[in-house]
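Notes follow the structure.
The values are calculated or read from the model by the stated rules, or taken from the named source; none is laboratory data. Here the structure is a predicted model, which means the values were calculated and not measured. Methodologically, a virtual Cβ is constructed for each residue, glycine included, from the backbone with ideal geometry; neighbour enumeration extends over all protein chains shown. What goes into the accessible areas is simple: the full protein's heavy atoms, side chains included, and nothing from ligands, DNA or RNA. Shrake-Rupley method; radii C 1.70, N 1.55, O 1.52, S 1.80 Å.
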Amino acid sequence: MNRLALRIVIALAVASILGITITQIYWVRKAFDLKENQFNSDVNLALENVANQIFAFNKMVAPAGKIVDQVSTNYFVVLLNGPIDSNLLGYLIKNEFDKRKITTDYQYGVYDCADQCMVGGNYYAPVKGPAGRATTVPGLLNQTSPHDLPTTQTDGYYFGVRFFNIEANLVSQMGIWIFSTSVLLIVIFFFAYALFVILKQRRLSEVQKDFINNMTHEFKTPLSTIAISSGVLKDPSIIQTPERLLNYATIIESETHRLKQQVERVLQMARWEKNSLNLKREPLSLHQLVTESVRNNLFAVEKMDGSIQTQLNATYDVVQMDKLHISNVLYNLVDNALKYCRQRPAIVISTDSNERAITLAIADNGIGISEENQKKIFHRFYRVPTGNVHDVKGFGLGLNYVKLVVEAHGGKISVQSNIGNGSTFIIVLPLA
């Protein structure tokens, strides 16, 4: 599947998931509103029945008009024209709520408008007691203020009922919606995971393809040179020109060594992946290693008419390290500084230290690395794209190898770079 087709499939899949999610949210909300309306209707009907029973008990005629008033989403008041016993009120409310399976915690209270004071009430939590019956929790109604009740009534009595945790109670009754939402969340999770795996596998496939192309190119060039040189050596007349014979023999030796290095680098990464690469760590001077590395790379730098300088400012530079691998780290970073430079190379290697660690910085004046590529350059086989131009040799293994070696020594590596302004690789290693 090409990249455009994959993007279209992913976009359609994401749009489908979003559509399903929005639809689910809409219907869950509608179901919750329906439950809430049903709850308010049940409460209104229950409280009207309570009021009618109180009127019948007091042998009074129910007033005309609206008896139950919903002050807020969780607060209802019922108008009465005569006194009422709070215990009887509690019994009647509980009985009506039980008929309609209203299981939300509530608080009720009776208010005397003439004296402007509470004359009774209680808090009720329909939880199951040891005997399996509802348990009353007394003594909490006194938290209700008279200001919570209507002030338009100047005489008589009325009672109020306040509910607690209505939303949680209604949600707990939406079993099928909770189940369907949970299933949807699981589907979304597995979809996101599958999408992540697909993209990762596609990226690995692209990396593998790039690696094979790079390896083919890296092997093809020296093999072609060796083949041409071997053909020349087959000419019997070459014996008459020893200088030419030595020149082509040297070319074959050099290209053979280059091939051996390339193969060894790939095998080295394979061994590292299997954790079979053992570090021979010993206390060594990092400054000494840097000096040796500069000396070994001086010829390559001068060949490009460049310069390499050191600023070894660390007061303490002894590190527990594997000399071979740290030397390879320095070689790789200097080699990259040379390969990715379009002008005269100017490389500066500096060190600094504190009580715990030494910092090694290798700065160059190369082409720089974009912010996007800075996050990927340490990945295996990754190379900064150069279009169709293959002017930089390598498999994309160098910086990955550098990162693995540094981390194996308990250190960290980072890069600071801007396009056109060079790069600085910073390595922090713990002191011995």
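Here are a few things to note about the model shown:
- There is no residue in the stretch 347-369 that is part of a helix (DSSP H, G or I) and polar (S, T, N, Q).
- All positions within the stretch 61-108 that are among the polar types (S, T, N, Q), open to solvent by 40 Å² or more (accessible area, probe 1.4 Å) and either assigned to a loop (DSSP other than H, G, I, E, B) or out of contact with any helix residue (DSSP H, G or I) (no Cβ under 7 Å at 6 or more places or on another chain) (or both): Ser72, Thr73, Asn74, Asn81, Asn87, Asn95, Thr103
- Any hit, the stretch 85-106, residues being in contact (Cβ under 8 Å) with a residue 60 or more places away in the chain, of a type in the set (Asp, Glu), touching a Phe, Trp or Tyr at 6+ places or on another chain (Cβ under 8 Å) and over 24 Å from Ile176 (Cα atoms): no
- Residues that are in contact with a Lys or Arg (Cβ under 8 Å, 6 or more places away or on another chain) and either surrounded by 14 or more Cβ atoms within 10 Å (Cβ to Cβ) or in contact (Cβ under 8 Å) with a residue 40 or more places away in the chain (or both) within the stretch 287-322 comprise Leu289, Met304, Gly306, Ser307, Gln320, Met321, Asp322, listed in sequence order.
- Screening Ile10 against (1) surrounded by 13 or more Cβ atoms within 10 Å (Cβ to Cβ); (2) not in a helix (DSSP H, G or I) leaves a single unmet condition, (2).
- For the stretch 186-222, a tally of residues being open to solvent by 70 Å² or more (accessible area, probe 1.4 Å), modelled with pLDDT of 80 or more and out of contact with any helix residue (DSSP H, G or I) (no Cβ under 9 Å at 6 or more places or on another chain) returns 7.
- Failed criterion for Arg244 (all others in (1) modelled with pLDDT under 80; (2) open to solvent by 50 Å² or more (accessible area, probe 1.4 Å) hold): (1)
- Qualifying residue in the stretch 275-286 (condition: outside any strand (DSSP E or B) and modelled with pLDDT of 90 or more): yes
- Within the stretch 329-357, the set of residues being closer than 18 Å to Gln288 by Cβ and in contact with a Phe, Trp or Tyr (Cβ under 7 Å, 6 or more places away or on another chain) comprises Leu333, Ser353.
- Conditions (1) among the β-branched types (Val, Ile, Thr); (2) farther than 23 Å from Ser254 by Cα; (3) surrounded by 12 or more Cβ atoms within 10 Å (Cβ to Cβ); number of the one not met by Thr225: (2)
- Within the stretch 217-245, residues that are without any contact (Cβ under 8 Å) to a residue 60 or more places away in the chain reach partners that are not in a helix (DSSP H, G or I) with beta carbons closer than 9 Å, at six or more positions or on different chains, in the pairs Thr221/Lys393.
- Of the residues screened, Asp112 is one that is open to solvent by less than 70 Å² (accessible area, probe 1.4 Å) and among the charged types (D, E, K, R).
- Ser145 open to solvent by less than 60 Å² (accessible area, probe 1.4 Å), more than 23 Å from Gly82 (Cβ to Cβ) and at pLDDT below 85: yes
- Selection from the stretch 74-99 of residues that are aromatic (Phe, Trp, Tyr) and in contact with a Leu (Cβ under 8 Å, 6 or more places away or on another chain): Phe76
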